[in-house]
Amino acid sequence: QGNAELLARAYGSLANMHRARGRFEQAAQARETQGTLVGQGEGRAELLFETAMDAWQRHGPASREAREMLRWSGQAAAGEDDRLTAARAALQLCLLEVERGEGSACADDAARSAQQVLRDSGVPRLAAEAGLARSRLLRRTGRSVEARGELNRLLDDLQWYRRFLPGALGAWYPESLAALAREYFALALDGDAPGARFLLEEARHPHALSGR
């Protein structure tokens, strides 16, 4: 059982890596193997969550699969008493619905509550994932000033982790750097802003992506 769990996590990480690089067929193969190893047991909520993110990145917010998988992930997380995956699914579902033009379906207090659960988790990558999602959500709902504030706080946190706790963000950081840059410049911030300089510096030095 222990080996199966370790292998499932390994294949999950491999699938995430392929997804970040746009290798969706390879991601699907690795995810399928992960699913076989997970089966119907614990870890299914997280599997469904990552499968939803695969579909979203591959097909965009119109993906029906992404929406259904996020809902199923939330339900599975409730059954597993997995508060963190439940919060991740709730926040990303909220963002997905806003990007689909169905923002009225997402209550702002629910999104803030989900983000707070992840910020309080003590897991840097989950807090960072939530901060990026929240910034995107605020921007998509026309609250650009708040979105800038959220993203600036996230970038400050990332710089701190990179300086004092390298590796704390795990694979999330290199897999999300492009998304961070897209979000930052989508907000049309001043190119001399600290966050912009940080992202440009990271982009200039590929070794930074490896966490070294």
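List of remarks:
- The apolar share of the surface of the chain, taken as the fraction of accessible area on carbon and sulfur atoms (1.4 Å probe, ligands and nucleic acids excluded), comes to 49 percent.
- Point-to-point label distance, ALA4-GLN57, nm (Cα→Cβ direction, 7 Å offset): 2.7
- A 1.4 Å probe over all protein chains sorts LEU118, LEU84 by accessible area into LEU84, LEU118, starting with the largest.
- Where only DSSP H runs of four or more residues are counted, the chain gives -25000 deg cm²/dmol as its mean residue ellipticity at 222 nm, each run worth -39500 (n - 2.57).
- Using 0.36 nm per residue and subtracting the Cα-Cα separation, the extra length available between ASP81 and GLU68 on full extension is 2.7 nm.
- Accessible surface of SER113 - all protein chains present, 1.4 Å probe, nearest 10 Å²: 70
- Relative contact order of the chain, taken over Cα pairs closer than 8 Å and 6 or more residues apart, is 13 percent.
- Long-range Cα-Cα pairs in the range 1-122 (distance over 19 Å), rounded percent: 49
- Checking every one of the GluC sites (Glu not before Pro) in the range 49-134 against DSSP loop status and a limit of 13 other Cβ atoms within 10 Å picks out GLU102.
- Global form of the range 76-152, assessed from the alpha-carbon gyration tensor, a/c cut-off 1.5: oblate
- Surface exposure of the range 71-185, expressed per residue as accessible area with a 1.4 Å probe, stands at 48 Å².
- These residues, PHE185, PHE49, PHE24, go from largest to smallest accessible area, 1.4 Å probe, as PHE185, PHE24, PHE49.
- Solvent exposure ordering (accessible area, 1.4 Å, most first) of MET17, MET53: MET17, MET53
- The range 16-80 shape via C-alpha gyration tensor axes, a/c threshold 1.5: oblate
The values are calculated or read from the model by the stated rules, or taken from the named source; none is laboratory data. Owing to the predicted nature of the structure, the values given are computational and were not obtained by experimental measurement. All Cβ positions, even for glycine, are placed from backbone atoms using ideal geometry, and neighbour counts span all protein chains on display. Surface accessibility is based on the protein's heavy atoms, side chains included, excluding ligands, DNA and RNA. Shrake-Rupley method; radii C 1.70, N 1.55, O 1.52, S 1.80 Å.
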